[in-house]
1. Give me the strands (runs of 3 or more DSSP E) completely within segment 181-284, filtered to those with at least 2 residues that are touching a Ser or Thr at 6+ places or on another chain (Cβ under 9 Å) and either modelled with pLDDT of 90 or more or farther than 30 Å from L116 by Cβ (or both), ordered by residue number.
2. Looking only at segment 74-83, how many residues end up being surrounded by fewer than 21 Cβ atoms within 10 Å (Cβ to Cβ) and small (G, A, S)?
3. Within segment 71-146, considering only strands (runs of 3 or more DSSP E) that don't extend past its boundaries, which have at least 3 residues that are under 16 Å from the mean Cα position of the chain (by Cα)?
4. Only one residue in Y34, Y71 is over 25 Å from V100 (Cβ atoms) and surrounded by 15 or more Cβ atoms within 10 Å (Cβ to Cβ). Which one?
5. Inside segment 47-57, can you point out the residues that are touching a residue at least 24 places away in the same chain (Cβ under 8 Å) and surrounded by fewer than 20 Cβ atoms within 10 Å (Cβ to Cβ)?
6. Kindly check whether there is at least one residue in segment 55-63 that is under 19 Å from K106 (Cβ atoms), in contact with an Asp or Glu (Cβ under 8 Å, 6 or more places away or on another chain) and assigned by TED's automatic domain parsing to the domain that holds V157.
7. Please specify each residue of segment 82-103 satisfying the condition of being closer than 23 Å to Y34 by Cβ and without any contact (Cβ under 8 Å) to a residue 60 or more places away in the chain.
8. Given the conditions (1) under 30 Å from G126 (Cβ atoms); (2) modelled with pLDDT of 85 or more; (3) loosely packed, with under 12 Cβ neighbours inside 10 Å, and given that R160 satisfies all but one, which numbered condition is not satisfied?
Amino acid sequence: MKLNVCTLLTLAVAMLSSMSLSAQEYRVVQRDDYRFEGEWPSGEGMLYSYEQGLVIGTFRKAKPDGKCVCYRPNGEVYWGEFKKGKATGQGSTYRDNGIVISGGYKNGLYHGVDTLYRSNGTMHVGKYRNGKLISRISDTRELAGVVKSSKPGYPQVDLRRRQEDFLKELELIWEERNMMLVRKAGLIAPKFQGGGIDDFALWVNSQVSYPVADRANRMDKTVVVEFTVLKDGTLSDIHAVFGSDPVLNERAVEAVSKSPVWTPGEQNGEKKNVRLSVPVVFTL
């Protein structure tokens, strides 16, 4: 049977349409340590991974490849470019303590010019190679409008119920992992009046109040204070690592500084200095 040109063109178009449809199908890939849902072999998708965390964005064969937001198991959030499953290109990492690191990445490490935005409104710019700082470019220790305006905003993503539950599961796994490492290392955490850091948080938050002059703002504000419990149980190196109000930062540090003596931390029977942090909440 002879086929004319029109018939051949019609068949070609049909074949191409069929190929394009089959090449971009929706697929679910389930493994012991991850689950991928999305377009296959490349396109939009979601990855639930105990190793990488929750990743939402563009993929190639279940690996992040392109723009994605990644909720890592340690609580950090990365928003930026991926290549072959690793952060590569331009992106930003957001930490719970308010610090943001933005700039170049390669194979999951800082690479190129990166800016560290501190929680107190200052910033540091440096050149990195494979995760290591090789030269400092600039460092501003003053609160400046340019720092606020250039700091990348936190990615706003509407998460599904399944994704929220997965993040809670990751958090529990991460906490259990850290506790296991602490036990394996033989480290006994410092104790505050027989309890832990949660008990200290209750105590220190009972010691602070909103300054009268600032009550017109009518907003609850949180300051995160880091400190070291020394071998003798006293506190040292106390400073705010998160908090936008200098007055509240100072009051939070003062409250932590008034702490009674702790029972120091130990490792294999020897007393150790241990670094901790506590949230101080100012409510009206």
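1. So the answer is 221-229, 235-242.
2. The total comes to 1.
3. 77-83, 86-94, 100-106, 109-117
4. Step by step, each of Y34, Y71 is checked, and only Y34 is over 25 Å from V100 (Cβ atoms) and surrounded by 15 or more Cβ atoms within 10 Å (Cβ to Cβ).
5. Passing the criteria: only Y50.
6. yes
7. Scanning segment 82-103 gives F82, K83, K84, G85, K86, A87, T88, G89, G91, T93.
8. Unmet condition: (1).
The values are calculated or read from the model by the stated rules, or taken from the named source; none is laboratory data. The structure displayed is predicted, hence computed values, not measured ones. Using ideal geometry, Cβ is built from the backbone for each residue, glycine included, and neighbour counts are taken over all protein chains shown.
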